[in-house]
Amino acid sequence: MFEYTIVHWMTFLAAAALLNLSPGPDIAFILGQTLRNGRRYGFAAMIGIWTGAGLHAVMAAVGLSAILATSALAFSVVKWVGAAYLVWLGIKMLMSRGDSFISTEGGSSQRMHSIYWQGVLVSALNPKVAIFFLAFLPQFVVEGAGPASAQLFLHGTLIIVVAAFIEPPLVLAGSKLGAFLRQNRRVGLWMDRGLGALFVALGARLAASTR
């Protein structure tokens, strides 16, 4: 069970690395929280994103992603909820006075939990990710290597494992830049404005997307 060739693994891992490096709401959210609040919050956001990605892996394994791919209504509902959530996050940043950039690393655990759940929603409410998993993972299902659902879940989980090698260094680098930004309230204000505009744009792009 789960017997694959070296070529299979090299192809999959290369594709998974490119997937994790591609810009999108997930990376934007992780780096945004790191810049605004520091390393601990960046890791909380990252783990939340991973949890959302794990949900997509489970959905692909049990076939729920197919519903989003084939049902216009289901796709539209998830799309608009996800777009509205991204826009809401963006508006909150646009209305900020830059206070988040002068916060300290030692924030409350309650706020970290909030950022974690925000990360889960940012990832889980993106139907394009669900459909991508459904289109991407089956390409690595090998006949005779095990049940298709188990193979889909395995490869979906491994995408998150690859992310564990790529995203933590981004958080550490972002925390150093964020520490510099938090020393200047005016710079922090404009960074909040920039991140807010980015999230509104990402929400608008998601709203305009089609299956």
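Using a Gaussian network model on the chain with a 10 Å cutoff between Cα atoms, which of Leu73, Leu152, Leu89 fluctuates the most?
Taking springs between Cα atoms under 10 Å, the residue moving most is Leu73.
Dipole magnitude of the chain about its Cα centre, charges +1 at Lys/Arg Cβ and -1 at Asp/Glu Cβ only, in debye to the nearest 20?
Working: 15 positive and 7 negative charges, 197 e Å.
In total the dipole reaches around 940 debye.
Take the Cα radius of gyration of the chain and divide it by 2.2 N^0.38 Å, with N its residue count; two decimals is plenty. Each step should come with its number before you reach the end.
Details: Rg = 18.1 Å, N = 211, 2.2 N^0.38 = 16.8 Å.
Computed over Cα atoms of the chain, the ratio equals 1.08.
Where in the chain are the helices, taken as whole DSSP H runs, whose Cα atoms extend 24 angstrom or more along the long axis and whose Kyte-Doolittle mean reaches at least 0.0? Don't skip to the end; give the middle numbers.
On the way: long enough: 39-62 (35 Å, 0.91); 72-94 (32 Å, 1.56); 148-181 (48 Å, 1.50); 185-208 (34 Å, 0.71).
Qualifying helices, which must be both long enough and hydrophobic enough, are 39-62, 72-94, 148-181, 185-208.
Read-outs throughout are calculated quantities, based only on the coordinates presented, and are distinct from any laboratory measurement. Model, not experiment: these values are computed from the prediction. Positions of Cβ are generated from backbone atoms using ideal geometry, with glycine treated the same way; all protein chains shown enter the neighbour counts.
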